[in-house]
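Only the coordinates and a few stated rules stand behind these numbers; no lab work does. Just so we're clear, the structure is a prediction, and the values are computed from it rather than from any experiment. Positions of Cβ are generated from backbone atoms using ideal geometry, with glycine treated the same way; all protein chains shown enter the neighbour counts.
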Amino acid sequence: MSTAERVTGTVKTAAVGFDHVYKAFVARGRRSEPVLALQDVAFDVRPGAFVSLVGPSGCGKSTCLNLVAGLSGPSEGVVTHHGRPVRGVNTEVGYITQEDNLLPWRTLSGNVELGMELRGVPRDERRARAREFIELVGLAGFEEHYPHELSGGMRKRAGIIRTLVHDSDVVLMDEPFGPLDAQTRVILQAELLKLWQRLRPTVLFVTHDLVEAIALSDRILVFTANPGTIKREYTVDIPRPRDPFRIHETPGFSELHEALWADIRAEIGGAEIGGEAP
């Protein structure tokens, strides 16, 4: 796929592009050969798409997010954001990690407003927008609560809307639901889909949960074991809107899940040891 897609007769630049990207790391303070984390990674993400990266631990999925965020630069190749090479910290993208990273001395409202406050959004406007998003994820009534007074799921909701509230066109998500229990994960998957369908940011999502990837994504990229490169790409043809609570019952789910797990099991040596799919 090229870095420009033809959409309804016009050329539309990819929101995120990887053009034959390599990334090597050298351990600090040691004389050693560089360790290759990514090898010849090439893919595009069209604006408004939801793309998941899956693969064995240590295959470079999170490194891809860091490259888009400009927290690290490629050793070779080019990473682009709307056609422009990423050079230095990319403040135009949002980044959601496993940790909620809420400021303990600020209330729920104060945390959700933080990004808008730093960007100089007027007080009344940012409060109204924060209130709207807090209501969207069912946290109305908790505006003046501090993070230690909220459950893990509530803190995760707050972290997500804090990123989405100031209209980042690209949102990077690195296993955001990893630390949560299974029931809360599915609830938050449903809420994330609701927010994404309303706002339509471009999402690049890292997960080890294949069910989660299928429930959320337009496309799923499977990475090989280290050094990571794209082994296969899957299009998720399950119609939207989707219900994460019943995704297992959807036609086509079982076949896609089995194919994904077969690819990943081969990378981690599971072809010999067997094991259940995640």
TODO: Kindly write out, for the range 241-248 in residue order, the coupling ³J(HN,Hα) from the Karplus curve 6.51 cos²θ - 1.76 cosθ + 1.60 (θ = phi - 60°), rounded to whole Hz, with x marking Gly and Pro.
DONE: x, 10, 10, x, 6, 10, 4, 4
Open item on the list: Using Cβ contacts closer than 10 Å as the measure, can you line up Met173, Met116 from fewest to most?
Closed with: Met116, Met173
- [ ] Give the percent of DSSP beta bridges with both residues in the chain that are antiparallel, rounded to the nearest 5.
- [x] 55
Task: Projected area averaged over orientations for the range 102-168, convex hull of C-alpha atoms, nm² - done: 4.0
- [ ] Mind sorting His145, His20, His81 by how few other Cβ atoms lie within 10 Å of their own Cβ, fewest first?
- [x] His20, His145, His81
Task: Packing-based exposure ordering (other Cβ within 10 Å, fewest first) of Arg232, Arg162, Arg126 - done: Arg232, Arg126, Arg162
- [ ] Scan around Gly77 for amide H atoms under 5 Å from its own, H built in the peptide plane at 1.01 Å from N, and keep only partners 5 or more places away or cross-chain.
- [x] Tyr22
Open item on the list: Per DSSP helix of 4 or more residues, -39500 (n - 2.57); summed, then divided by the residues of the chain. What does that give at 222 nm, rounded to the nearest 500?
Closed with: -10000 deg cm²/dmol
TODO: Identify the chymotrypsin sites (Phe, Trp or Tyr not before Pro) of the range 99-164 meeting these criteria: DSSP loop state and at most 12 other C-beta atoms within 10 Å of the C-beta.
DONE: Trp105
